[in-house]
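The values are calculated or read from the model by the stated rules, or taken from the named source; none is laboratory data. These numbers were taken from a predicted model, which means no experiment stands behind them. Neighbour counts are summed over all protein chains in view; Cβ atoms, including those assigned to glycine, are modelled from backbone coordinates with ideal geometry.
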Amino acid sequence: MPTPAETAATTTHDADWWRQAAVYQIYPRSFSDSNGDGLGDLKGITSRVPYLKELGIDAVWLSPFYPSALADGGYDVDDYRNVDPRLGTLEDFDEMVAALHEAGIKVIVDIVPNHTSDRHVWFQEALASPKGSAARGRYIFRDGLGENGELPPNAWTSIFGGGAWERITEPGPEQAPGQWYFHLFAKEQPDLDWDNPEVHEDFLTTLRFWSDRGADGFRVDVAHGLKKDLNAEVASLDLLHRADLFREGEHPLWDRDEVHSIYAEWRKVFNEYNPPRTAVAEAWVHADRRAMYASPEGLGQAFNFDLLEADFDAEQFRRIIAKNLAEAAATGASSTWVFSNHDVVRHATRYGLPKGSGRGGKGADGKDWLLEGGDPAQVDAERGLRRARAATLLMLALPGSAYLYQGEELGLQEVGEIPDADRQDPTFFRNKGVEVGRDGCRVPLPWEAAPAEGSSFGFGANGAHLPQPAWFAGYAASVQEADAGSTLAFYRRALALRHELQGSESLGWQDASDDDVLHFVRPGGWHVVANFGTAPLELPAGEILLASADVEGGKLPGEATAWVRVAR
Ligand code: NOJ
């Protein structure tokens, strides 16, 4: 029997498979629960491979499935080379990879190099070891300020709210308050020190570990945060808000030029494999600096969150698409496109909010919708879904890879009404409930319309770790399977056609009659017309291959996209 790595090599004929791949993000704890403990698991994913195959995606990206206390939904990793026992075993991972590969689907795993969890053996060792020890040297420990070191080394704040430093108790019988460690995210996520060679070596081992087990690629968490300048003399809070530093690669925490030497090392490991393993950077950086992450000598691809942050607006979309395609052409990378993931409000909801979108959505007074409490009453779900389908059909026609988030193929809306007692996201706790956080897009998927008593909508036999609202029944996969007009059927058709139509990565803009319209053509006479306005639009004469809304009398309705084959 071939090893998983051999299977990966033999099923992957094309080293460039990732360049125009449709990648489906699975948030494993919320995908499918095989053993009825309320948490999704690897066997659950394996059981849904036929669904994934039918959907027509090229790859899955799995958010972390590693052992974790779930202080940050699994992005607090206890052990990088294992599976959370609640999600399965390494053997389950192998089985899942084999089943996905058998179905022609590649596997991308999530690597979290900026921080470990506080339960990681290294951090436990650091806590038990004295100041100045090698064990502390793997993290960022500093003495505090003030007479007795009672003040944090500086005033910097963490992403999830509150200070970025946590004080520890020194080992020994006195239990004396001691040094402070740095955490960009939750206090359960201590940052690693990437100036330490041991940290480098350990991640190379992890990359080989998963590559040997058949992973085809990696999604790199917080790729722009690994190198820092924590020089206390300059560490004022204002520094963190200096846009000029951010743009120039001189920000103390983000997107420093030195970070790319790490990815040059990683690239060597990726290239040890045939085909080379791929990687995509999660890097929320200034658009001009993204190309460095996507370079062929680095990670090869970087998420482009520009469309995700834009409004549903033709002008913004056109500018973003043109800029990203030009960048990709200049660097040899391929573009990436994404509207939804586990960190942002689902796009079917963002587009149904009163004031534009942005990653958290914009509520009635233009403030971040999540900061306002995520009130579902503000959402026009029908309009949101109409626009989301239009935007998705546009995205799926673009050269480059399209990243889809589980549930968007069902047209799922964000769940705004999660009771406080059920919330899990550290953003909610560290911001004292002001910002409701990201749980609303992480509610487990509805597979069936009717729950068996006491259970969930087909997610698992004993409920779901984040409760599914009653209205999820209307979005169930089983209902949509049976409906040719469903969003699921629409995604399947779009993905199948995309495979058929995709050729070279070129795109030609066509003059559009209206500022609210984008019109471009891909090779082979594949015309794409997106109507961002509300008035119906005459389509070019040809065969309508697919539209995100019903076309009547050759007219595309408002807030809709069509693919048309025009004979040349
Ligand atoms: C980005 C991940 O997507 C997010 O979910 C996580 O909270 C942070 N990185 C920290 O790991």
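What the table below lists for this structure:
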quantity	calculated
Residue match in region 96-111 (condition: hydrophobic (A, V, I, L, M, F, W, C), farther than 26 Å from residue 40 by Cβ and surrounded by fewer than 17 Cβ atoms within 10 Å (Cβ to Cβ))	no
Given (1) within 16 Å of the ligand (Cβ to nearest atom); (2) outside the structural domain of residue 170 (by TED's automatic domain parsing), number of the condition residue 106 does not satisfy	(1)
Test: residue in region 31-47 that is polar (S, T, N, Q), within 16 Å of the ligand (Cβ to nearest atom) and buried (at least 23 other Cβ atoms within 10 Å of the Cβ)	no
Scope region 119-133; condition part of a loop (DSSP other than H, G, I, E, B), farther than 24 Å from residue 156 by Cα and without any contact (Cβ under 8 Å) to a residue 40 or more places away in the chain; matching residues	133
Qualifying position, being surrounded by fewer than 19 Cβ atoms within 10 Å (Cβ to Cβ) and touching an Asp or Glu at 6+ places or on another chain (Cβ under 6 Å), among 88, 149, 137, 132	149
Residue in region 82-101 that is part of a loop (DSSP other than H, G, I, E, B) and touching a residue at least 60 places away in the same chain (Cβ under 8 Å) present	no
In region 119-129, the residues that are within 16 Å of the ligand (Cβ to nearest atom) and either buried (at least 22 other Cβ atoms within 10 Å of the Cβ) or among the aliphatic types (A, V, I, L, M) (or both)	120, 123
Evaluation of residue 476 against (1) under 22 Å from residue 402 (Cβ atoms); (2) of a type in the set (Gly, Ala, Ser); (3) surrounded by 17 or more Cβ atoms within 10 Å (Cβ to Cβ) (one fails), failing number	(1)
Strands (runs of 3 or more DSSP E) wholly inside region 483-568 containing at least 1 residues that are within 27 Å of the chain's Cα centre (by Cα), closer than 30 Å to residue 332 by Cα and not basic (Lys, Arg)	517-522, 526-531, 560-565
Residue within region 141-158 that is touching a Lys or Arg at 6+ places or on another chain (Cβ under 6 Å) and either polar (S, T, N, Q) or under 27 Å from residue 292 (Cβ atoms) (or both) present	no
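Here is a yes/no grid of residues against (1) surrounded by fewer than 21 Cβ atoms within 10 Å (Cβ to Cβ); (2) outside the structural domain of residue 63 (by TED's automatic domain parsing); (3) closer than 30 Å to residue 69 by Cα; (4) within 16 Å of the ligand (Cβ to nearest atom):
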site: 337; (1), (2), (3), (4): no, no, no, no
site: 391; (1), (2), (3), (4): no, no, no, no
site: 420; (1), (2), (3), (4): yes, no, yes, no
site: 444; (1), (2), (3), (4): no, no, yes, no
site: 450; (1), (2), (3), (4): yes, no, no, no
